[in-house]
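Student: Can you read through this structure? Questions will come right after.
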Amino acid sequence: GNSVTQMEGPVTLSEEAFLTINCTYTATGYPSLFWYVQYPGEGLQLLLKATKADDKGSNKGFEATYRKETTSFHLEKGSVQVSDSAVYFCALSGGGGSYIPTFGRGTSLIVHP
Amino acid sequence: GAGVSQTPSNKVTEKGKYVELRCDPISGHTALYWYRQSLGQGPEFLIYFQGTGAADDSGLPNDRFFAVRPEGSVSTLKIQRTERGDSAVYLCASSLEGVGTEAFFGQGTRLTVV
């Protein structure tokens, strides 16, 4: 079945540091890939997505590229802010014909001033 | 409504009691999903509705869990004979059908079984 593996957190950075959160997946076919974010006290919301190989999703300075050859969708940001502190979830859907989103366990990001 | 609405936001119940959790999806979204999220974990799939029917209920942990969506809109997750291990945040999401469509989540219901 489909699965998503994320690097364990927490990831602790100083403001303006470079961020990478690794995500790899297992799926049949050609799934769509997503990053969701959960800010403290809020629900999950979509951060960015990519629907086919080599697509790059981007939003709020975050980027991730769909790499089919390495089955990866790593999240990056060049300069993090304190307001980026949240839990980030990698997810996929559409692999093997199923639209049900499958999530990783989440990676907590803590950004210090 | 503007987003996915879940009620109640918090529920404390005694072991062995019955609980119902409600989800009101975004109008026009045909797909509805229930997930369970434990501390430090990602959302764990429970059940998926396409319209009024449960298209996939393979994630329900046992027969104490049941969900309905009788008119293809509001859904209710029902848990019988609750156990302390059922304590978690229960998330509901809705989406349009199709490749690459995003799921919109509610704020969740935090269930505590004491």
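Every number in this text was worked out from the coordinates using simple rules, so none of it is lab data. Keep in mind that what you see is a predicted model, and the values were worked out from it rather than measured. Here the Cβ positions follow ideal geometry from the backbone for every residue, glycine too, while neighbour counts run over all protein chains shown.
Student: For peptide B:35-44, what's the mean number of Cβ atoms from other chains within 10 Å of each residue's Cβ?
Tutor: Mean shielding count: 5.
Student: Could you tell me what % of all Cα pairs in the protein assembly as shown have separations over 32 Å?
Tutor: For the protein assembly as shown, the fraction of Cα-Cα distances above 32 Å is 19 percent.
Student: Across the residues of A:41-47, average count of Cβ atoms on other protein chains within 10 Å?
Tutor: Averaged over the peptide's residues, the number is 5.
Student: Check the straight Cα-Cα distances from A:Lys77 and name the lysines below 19 Å, setting aside those fewer than 8 residues away within the same chain.
Tutor: A:Lys49, A:Lys56, A:Lys60
Student: Percent relative contact order of chain B, based on C-alpha pairs within less than 8 angstrom and at least six residues apart?
Tutor: Relative contact order for chain B comes out at 36 percent.
Student: Now a separate question. So what is the relative contact order of chain A, in percent, for Cα pairs below 8 Å that sit 6 or more residues apart?
Tutor: The value is 37 percent.
Student: Under 25 Å from the Cα of B:Lys15, which lysines turn up, not counting those fewer than eight places away in the same chain?
Tutor: B:Lys78
Student: In whole Å, how far is the Cα centre of region B:9-43 from that of region A:44-80?
Tutor: 28
Student: Another one. Which of the peptides A:80-93, A:47-60 is most tightly packed, and how do the rest follow, going by the mean number of other Cβ atoms within 10 Å of each residue?
Tutor: By packing density, highest mean first, the sequence is A:80-93, A:47-60.
Student: Which net charge results for the neighbourhood of B:Tyr48, defined as the other residues with beta-carbon distances under 14 angstrom from its beta-carbon, given Lys and Arg at +1 and Asp and Glu at -1?
Tutor: With Lys, Arg at +1 and Asp, Glu at -1, the neighbours total -2.
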